[in-house]
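Here's the structure, in structure tokens; my notes come after.
The values are calculated or read from the model by the stated rules, or taken from the named source; none is laboratory data. Computed from a prediction, not measured in an experiment: that's the story for all the values here. Counting neighbours? That spans all protein chains shown, and the Cβs are built from the backbone with ideal geometry, glycine included. Only protein heavy atoms, including side chains, enter the accessible area calculation; ligands, DNA and RNA are left aside. Shrake-Rupley method; radii C 1.70, N 1.55, O 1.52, S 1.80 Å.
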Amino acid sequence: MRVSDWPGEERRHPPLTSPTWAVRAPLAAWLRAQAQVGERYRVLDVGCGPKPYYPFFAERASEYIGVDVVDNPVAELRGSVESLPVEDGSFDLVLCTQVLEHCEDPVQAVRELRRVTASGGRVLASTHGVQWYHPSPVDYWRWTHEGLRRLFTTNAEWSEVEVEPSGGTAACLAMLLGAYTEIAFRRAHAKTLARGPVWLLNRTAAALDARFPLLAEPRPGSLTANFHVVATVGG
């Protein structure tokens, strides 16, 4: 399959008409930028699903391996984030996107992510700050930026841990309002009519977060839809 035909286009280029735009658009932009750091690296995609972000890494990765907890014809390996079926220090780049909220033991998950990362390598993880309940098959956790930093720094050795919000308070509120707007229209058997209001919510929220930088900062009273973590192993 050509990279241009790879599944998951709606995640790589999510439309403004999607209620999850506040999570998926910043996540795609962040991963696209991170993929440009280094070359000829081995990638492990934990909880890979259909590997929607593979095209971002295809040109620079020497190998891209997916692991999933369920039967997945796209994944090369089967296993959970708490027990990854790979050798110590065997990957230069480990992706763990939107997985931590679903795992039973986040502490063990972080230890495993560190174990399989090579010296000089990085873990790129993302997970929710605010989100509706979405079992897949379970849904356990939500974090603050301080909670995520503590999770990573107290349970594994890293040379650096960066935790950044994916967007601001306005984007998070737009996400929640957009989701329930879509639900209301769907119950009225007019789901397609929700696209306009959701687009307007997302577009307005993006403008507000850009206009008022304080909205994008984790601070008392703020709401953050998602967080991005870069955890680096010293080389």
Residues of the stretch 16-60 classified as crowded, with 21+ Cβ neighbours inside 10 Å, small (Gly, Ala, Ser) and part of a helix (DSSP H, G or I), total: 2
Exactly one condition in (1) touching a Pro at 6+ places or on another chain (Cβ under 8 Å); (2) under 23 Å from Ala28 (Cα atoms) is not met by Thr181; state its number. (2)
So which of Arg149, Arg186 is part of a helix (DSSP H, G or I) and under 20 Å from the mean Cα position of the chain (by Cα)? Arg149
Exclusive hit being under 18 Å from Ser18 (Cα atoms), surrounded by 15 or more Cβ atoms within 10 Å (Cβ to Cβ) and at pLDDT 95 or above, set Ala231, Ala225, Ala156: Ala225
Take the residues in the stretch 5-58 that are in contact with a strand residue (DSSP E or B) (Cβ under 6 Å, 6 or more places away or on another chain) and among the aliphatic types (A, V, I, L, M); name whichever of them is farthest from Gly121 (Cα to Cα). Val23
With respect to Ala179, determine if the residue is open to solvent by less than 70 Å² (accessible area, probe 1.4 Å), of a type in the set (Gly, Ala, Ser) and touching a residue at least 24 places away in the same chain (Cβ under 8 Å). yes
Picked from the stretch 189-205 (must be in a helix (DSSP H, G or I) and out of contact with any helix residue (DSSP H, G or I) (no Cβ under 6 Å at 6 or more places or on another chain)), the residue modelled with the lowest pLDDT is Thr192
Residues located in the stretch 152-182, provided they are under 30 Å from Gly234 (Cα atoms) and part of a helix (DSSP H, G or I): Phe152, Thr153
Log entry, pairs with first residue in the stretch 78-102 being farther than 17 Å from Glu63 by Cα and of a type in the set (Asp, Glu), second being open to solvent by 10 Å² or more (accessible area, probe 1.4 Å) and assigned to a loop (DSSP other than H, G, I, E, B), beta carbons closer than 6 Å, six or more apart or on different chains, reads Glu82/Asp105; Glu101/Trp141
Might you check whether a residue that is farther than 23 Å from Ala22 by Cβ, open to solvent by 70 Å² or more (accessible area, probe 1.4 Å) and modelled with pLDDT of 95 or more occurs anywhere in the stretch 132-151? yes
Looking only at the stretch 102-130, filter to residues that are in contact with a Lys or Arg (Cβ under 9 Å, 6 or more places away or on another chain) and surrounded by 20 or more Cβ atoms within 10 Å (Cβ to Cβ); which one of those is nearest to Gly66 (Cα to Cα)? Val123
Test result for Val99, more than 13 Å from the chain's Cα centre (by Cα) and at pLDDT 95 or above: no
